[in-house]
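Input: a single structure, listed below in structure tokens.
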Amino acid sequence: MHRYRHLLRGGEVDYDTSLRVEEVESRIINRLLHNNDYINIIKYNDLSNILYKLKNLIFEEAKKIARDLDDKIEDPEKALEAFYAGNQDTPGFRTMFIVIQAIARVKAELYEEENGQIENPSPVCPVCGAVSRTMIKEEDSRYTMVCPFCGYKWTVSRGSLVCPYCGNSDPLSLGIFTGKKSKRLGLAWCQACGATWRVVLDSSIRVPRLLLPVIAHGAEIYRSLIPAASGASIRDPFADA
Ligand SMILES: [Zn+2]
Ligand SMILES: [Zn+2]
């Protein structure tokens, strides 16, 4: 995985932290996958119901992993509230984020086993509702998106690029900016709606799903190539996502 570290230039994402989180989450995922009751709850409910039904498990897991993450959980209820409210500075937020992400990843895995990578011409993850900004150009000429939270991957279009934000498929107003030599990552731009998103162009890049958005962040170095960006007239419908 360290082979791809250089692709991260230009990104402010901490790769080592991502690896450490990956290790902690894998342990939670393994515990979940070894319990049929948990599997059934995760399989047959949507994410908000799962989180409601597995609240005790979430608190238990949070207590188990907080120390590994240099985090503190004094009141798990408060930490969970902070997660829902997005209060990143509250102690316990990070731990809750990781426990819930692990559960969402199991949901995504079970969902994909059952349904495959469904057709969904949208940036919104059909499993957990997070908004993706990361596209992958697959070897089979599909354009997929990967969810930054649960890792589910879905099909946006086949054969040609379609803007996941507005559905525009006109090749004259859709483009991918990439390097002259290295064409592993690119930044796509839709002139119809103004959206930009990152594209992994080299499908030989094999990393765990959730690291793809981290890797793809490196495509930000091409942002200056987008003409409208310099004029600040660009409209990004998901700027706060
Ligand atoms: Zn998701
Ligand atoms: Zn668009």
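Please verify whether GLY218 is farther than 30 Å from ILE103 by Cα and either of a type in the set (Gly, Ala, Ser) or more than 14 Å from ligand 2 (Cβ to nearest atom) (or both), treating the condition exactly as stated.
Details: farther than 30 Å from ILE103 by Cα: no; either of a type in the set (Gly, Ala, Ser) or more than 14 Å from ligand 2 (Cβ to nearest atom) (or both): yes.
When the stated conditions are applied, GLY218 does not pass them.
Residue count for segment 106-127 satisfying the condition of being outside any loop (DSSP other than H, G, I, E, B) and closer than 18 Å to ALA216 by Cα: 1. When the residues of segment 192-209 are filtered to those that are within 15 Å of ligand 2 (Cβ to nearest atom) and of a type in the set (A, V, I, L, M), which remaining residue is farthest from the chain's Cα centre (by Cα)? My answer is ALA192. Within segment 125-152, being more than 9 Å from ligand 1 (Cβ to nearest atom) and over 20 Å from SER18 (Cβ atoms) holds for LYS137, GLU138, GLU139, ASP140, SER141, ARG142, TYR143, THR144. Here THR155 fulfils each of the conditions (1) within 16 Å of ligand 1 (Cβ to nearest atom); (2) crowded, with 22+ Cβ neighbours inside 10 Å; (3) modelled with pLDDT of 95 or more apart from (2). For LEU212, the criteria (1) without any contact (Cβ under 8 Å) to a residue 60 or more places away in the chain; (2) more than 16 Å from ligand 2 (Cβ to nearest atom); (3) crowded, with 17+ Cβ neighbours inside 10 Å hold in every case but one, which is (1).
Kindly indicate which of ILE73, ILE103 is buried (at least 17 other Cβ atoms within 10 Å of the Cβ) and not in a loop (DSSP other than H, G, I, E, B). Before the answer, list the steps.
Details: ILE73 fails: not in a loop (DSSP other than H, G, I, E, B).
None of the other options fit; the residue is ILE103.
Being farther than 24 Å from ARG20 by Cα and of a type outside the set (S, T, N, Q) is a property that GLU114 has. Assess whether GLU139 counts as being of a type in the set (Asp, Glu), at pLDDT 90 or above and in the same structural domain as TYR38 (by TED's automatic domain parsing). No; evaluated as a whole, the condition is false for this residue.
With modelled with pLDDT under 95 and assigned by TED's automatic domain parsing to the domain that holds TRP154 as the only criterion, which of SER169, SER203 stands out? Walk me through it before giving the result.
Values: SER169 fails: modelled with pLDDT under 95.
On inspection, the qualifying residue turns out to be SER203.
The requirement of being crowded, with 21+ Cβ neighbours inside 10 Å, farther than 30 Å from ILE98 by Cβ and either within 16 Å of ligand 2 (Cβ to nearest atom) or touching a residue at least 40 places away in the same chain (Cβ under 8 Å) (or both) is fulfilled nowhere in segment 174-183; no residue meets it. Given the criteria within 16 Å of ligand 2 (Cβ to nearest atom) and among the small types (Gly, Ala, Ser), does SER157 qualify? Spelling it out, SER157 is indeed within 16 Å of ligand 2 (Cβ to nearest atom) and among the small types (Gly, Ala, Ser). Of LEU32, LEU47, LEU7, LEU57, all but one fail to be in contact with a Lys or Arg (Cβ under 7 Å, 6 or more places away or on another chain) and modelled with pLDDT of 85 or more; the exception is LEU47.
The values are calculated or read from the model by the stated rules, or taken from the named source; none is laboratory data. This one's a predicted model, so the numbers in the text were calculated from it and none came from an experiment. Positions of Cβ are generated from backbone atoms using ideal geometry, with glycine treated the same way; all protein chains shown enter the neighbour counts.
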